[in-house]
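Asker: I have a structure here, written as structure tokens, and I will follow up with some questions on it.
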Amino acid sequence: MSSPVAPFIVTVESLHLALDELEKISPLISRVMVTYGRPPAWRRAPGFASLVYTILEQQVSLASARAVYDRLVALCGELTPGRFVMIDDAALRGIGFSRQKTAYCRDVAMRVESGDLDLDGLGDQTDQRVRDTLTGIRGIGPWTADIYLLHSLGRPDVWPVGDLALRIAVQEAMELERRPEPGELELMGDQFRPWRSIAARVFWHGYLTRRGVGEVT
């Protein structure tokens with residue numbers, strides 16, 4: 001019986017190869033990169049800390065999420081599930097956690113601690129299996145799962161249609177009269193397969209650069 005093929009991971013080298021391919025097939029991508037340059041190789045180490053960070057990014061600005069995350073790290077040092085569950089709710093609220101995100105992150109921490117959630121094992125799973133696992137956890141929906149796949153696991157063909165910044169970026173790049181709805185954005189993304197994650201990075205980079213916002217970390 002043959003061994004399963006490990007999922008392809010985007011690296012600095014493969015990112016630029018993928019950008020070369022996208023430029024060949026998409027005048028739109030080429031135009032965005034001529035205007036704003038190539039996106040950096042954003043990547044977060046996979047694991048509990050990265051998933052908490054992604055949960056903190058739900059429906060808030062990048063700067064706001066980063067500020068809360070930095071305060072969390074300052075509070076507990078190395079961010080592990082065991083250390084997180086030792087922080088009481090009042091302390092988390094004091095550094096900017098909402099009641100809902102406190103519950104979501106505590107649930108993730110307890111699942112990892114109990115062995116019910118194997119975050120390390122997700123790296124060997126297919127994109128869909130990762131989505132199914134993560135969206136089975138309270139407070140984690142398709143957007144959070146897709147961002148974790150893209151930024152933390154480095155998967156090359158993720159297209160987070162629920163991301164507001166991506167919808168706006170595509171609207172601006174294509175000079176559309178309105179933002180595409182998620183279903184419309186899904187169809188638009190087909191032209192970028194199998195590098196939809198890379199296309200998303202191009203659009204995000206243009207979106208952030210246009211607004212003078214620092215890069216994703």
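Asker: Just to be sure I understand the filter: pairs with C-beta atoms under 6 Å, separated by 6 or more residues or on different chains, first member in region 60-72 and in a helix (DSSP H, G or I), second member among the charged types (D, E, K, R) and surrounded by 15 or more Cβ atoms within 10 Å (Cβ to Cβ). Which pairs pass?
Answerer: Within 6 Å, the pairs are 65/57.
Asker: Taking the stated definitions as given, is residue 69 under 30 Å from residue 22 (Cβ atoms) and modelled with pLDDT of 95 or more?
Answerer: no
Asker: Just a yes or no: is a residue in region 85-95 under 20 Å from the mean Cα position of the chain (by Cα) and at pLDDT 95 or above?
Answerer: no
Conditions tested, residue by residue: (1) closer than 17 Å to residue 104 by Cα; (2) in contact with a Pro (Cβ under 9 Å, 6 or more places away or on another chain).
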{"site": "26", "(1), (2)": "no, no"}
{"site": "33", "(1), (2)": "no, yes"}
{"site": "40", "(1), (2)": "no, no"}
{"site": "53", "(1), (2)": "yes, no"}
{"site": "62", "(1), (2)": "no, no"}
{"site": "67", "(1), (2)": "no, no"}
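Asker: Please go through region 38-85 and give me each residue that is polar (S, T, N, Q) and under 26 Å from residue 13 (Cβ atoms), ordered by number.
Answerer: If the condition is that a residue be polar (S, T, N, Q) and under 26 Å from residue 13 (Cβ atoms), then 50, 54 are the ones that fit.
Asker: Somewhere in region 130-148, is a residue of a type in the set (Gly, Ala, Ser), in contact with a helix residue (DSSP H, G or I) (Cβ under 9 Å, 6 or more places away or on another chain) and not assigned by TED's automatic domain parsing to the domain that holds residue 53?
Answerer: no
Asker: Assuming residue 9 fulfils every condition listed in (1) within 23 Å of residue 163 (Cα to Cα); (2) at pLDDT 95 or above apart from one, which condition is it?
Answerer: (2)
Asker: Given region 82-147, what helices (runs of 4 or more DSSP H) lie entirely inside it while holding 3 or more residues that are without any contact (Cβ under 8 Å) to a residue 12 or more places away in the chain?
Answerer: Counting at least 3 such residues, we get 89-94, 127-135.
Asker: If I ask for residues that are in contact with a Leu (Cβ under 6 Å, 6 or more places away or on another chain) and in a helix (DSSP H, G or I), which ones from region 149-166 would you list?
Answerer: If the condition is that a residue be in contact with a Leu (Cβ under 6 Å, 6 or more places away or on another chain) and in a helix (DSSP H, G or I), then no residue fits.
Asker: Another question about this same structure. Give the residue, chosen from 52, 34, 10, that is surrounded by 15 or more Cβ atoms within 10 Å (Cβ to Cβ), over 24 Å from residue 112 (Cα atoms) and of a type in the set (Val, Ile, Thr).
Answerer: The unique qualifying residue is 10.
The values are calculated or read from the model by the stated rules, or taken from the named source; none is laboratory data. Small disclaimer: the values here were computed from a predicted structure and weren't measured. Every residue, glycine among them, receives a Cβ derived from its backbone with ideal geometry; neighbour counts consider all protein chains shown.
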